[in-house]
Amino acid sequence: MERRVILASGSPRRRELINQIGWKPEVIPSTVEEKTEETLPDKVVESLSFQKARDVAARLLKGELEPGCLIVGADTVVAAGGKILGKPKDRKDAAEMLSAIQGDVHQVYTGVTVMVYRGKQKEGEAFAIRTFSERTDVWVYPMTEKEIQDYIATGEPMDKAGAYGIQGRFGAFIEKIQGDYSNVVGLPIGRLYYEVKRMTGSSEDCCT
């Protein structure tokens, strides 16, 4: 049985990563207001990924949702010096984030929630749910103030956690990473595939 795959995110980078493994997801972005009382980076992204997946699942339940449908929610943050860095509010904010990570190591955390619809249940939950997070350590070469400002001028940092995209121009400043590269892009695709196999019991019918 082929499964309907829904990505609860409008991120083109996450969609590209899912496409890489042969999945053809429908994109239905979550519109939930992102709030959490968690403070640890891994718990923050896990909480927010769950909220996104749950929001889309609740909306789909009002219409037609076939058993086996797969919903994926994800959230990514950068942590540097004990501080969580989300998406910059403006150029000044982006400059502060880049100044904080240049010449040092920081961590990227992505939380993922997978929900598999089991159909209407007489008892218990209608969805099988798995939430997890991945961490990748990223070392950045020292950057001059001009390099920081020139990078901000490209516009690339403004919609990305930590104010940079490893797959873009910022690749020039990456010294090394320890962990999953795709996790830094926005979705630990290997771990996602593994978890879906665990939940569905098969790798052959998990995508369309």
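The values are calculated or read from the model by the stated rules, or taken from the named source; none is laboratory data. Nothing here was measured: the structure is a model prediction, and the numbers come from that model. Please note: Cβ atoms are built from the backbone with ideal geometry, for glycine as well, and neighbour counts cover all protein chains shown. These area figures cover heavy atoms from the full protein model, side chains too; ligands, DNA and RNA do not enter into them. Shrake-Rupley method; radii C 1.70, N 1.55, O 1.52, S 1.80 Å.
Of the residues Phe50, Phe132, ranked by 1.4 Å probe accessible area with the largest first, the sequence reads Phe50, Phe132.
In the chain the longest region clear of GluC sites (Glu not before Pro) that are loop-assigned by DSSP and have at most 11 other C-beta atoms within 10 Å covers 126-203. Per residue, the chain reaches -10000 deg cm²/dmol at 222 nm when only DSSP H runs of four or more residues are counted, each adding -39500 (n - 2.57).
Using a Förster radius of 35 Å, what is the FRET efficiency between Glu37 and Glu64 based on their Cβ-Cβ separation? Nearest 0.05, please. Calculated transfer efficiency: 0.55.
Modelled this way, with points 7 Å down the Cα-to-C-beta line, the labels at Arg118 and Ala153 are 5.7 nm from one another. Once the Cα-Cα distance is subtracted from the 0.36 nm per residue extended length, the Lys197 to Arg169 segment shows a gain of 6.6 nm. Compared with the direct C-alpha span, the chain from Glu145 to Val105 gains 12.6 nm at full extension, assuming 0.36 nm per residue. With 19 Å as the limit, the listed pairs Lys35/Lys89; Lys83/Lys160; Lys52/Lys120; Lys83/Lys176 have Lys52/Lys120; Lys83/Lys176 beyond it between alpha carbons. Extending 7 Å from Cα along the Cβ direction at Arg130 and again at Tyr181 yields two label points whose distance is 2.4 nm. Between the C-alpha center of the stretch 99-154 and that of the stretch 19-39 there is a gap of 11 Å.
Stretching the chain fully between Asn19 and Lys92 yields a gain of 22.8 nm (0.36 nm per residue, less the alpha carbon separation).
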